[in-house]
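Enquirer: I'd like to ask you about the structure that follows.
No lab work stands behind these numbers, since they all come straight from the coordinates. Small disclaimer: the values here were computed from a predicted structure and weren't measured. Cβ: placed from backbone, ideal geometry, glycine included. Neighbour counts: every protein chain shown.
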């Protein structure tokens, strides 16, 4: 091997090393981007879990608010029935006492 061949081979190796360095820099940039994406996805997962918890709490409060009018209606209905029965019983007792 003479000096010319060695110089040509060295030139080829330097060119290939330069190309490899460029590719490694690109891979490092892609790796950083992928790492950032992974962190963002993790944050999104945590936020989704928190949102699901809040949504469950809102659902429970909504159910309680929906039950309240029904319970109030039931209590009013029961009070009216108690009053009607009390009035009828009072009238019957009064009528019986008047007959005596």
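Enquirer: Evaluate segment 1-19: report whether one residue or more is exposed (fewer than 10 other Cβ atoms within 10 Å of the Cβ) and either touching a strand residue (DSSP E or B) at 6+ places or on another chain (Cβ under 9 Å) or not in a helix (DSSP H, G or I) (or both).
Expert: yes
Enquirer: Give me the pairs: first residue in segment 74-97 and in a helix (DSSP H, G or I), second residue loosely packed, with under 10 Cβ neighbours inside 10 Å, beta-carbon distance under 6 Å, and six or more apart or on different chains, which are they?
Expert: Sorted first by the residue in segment 74-97, then by its partner, the list stays empty.
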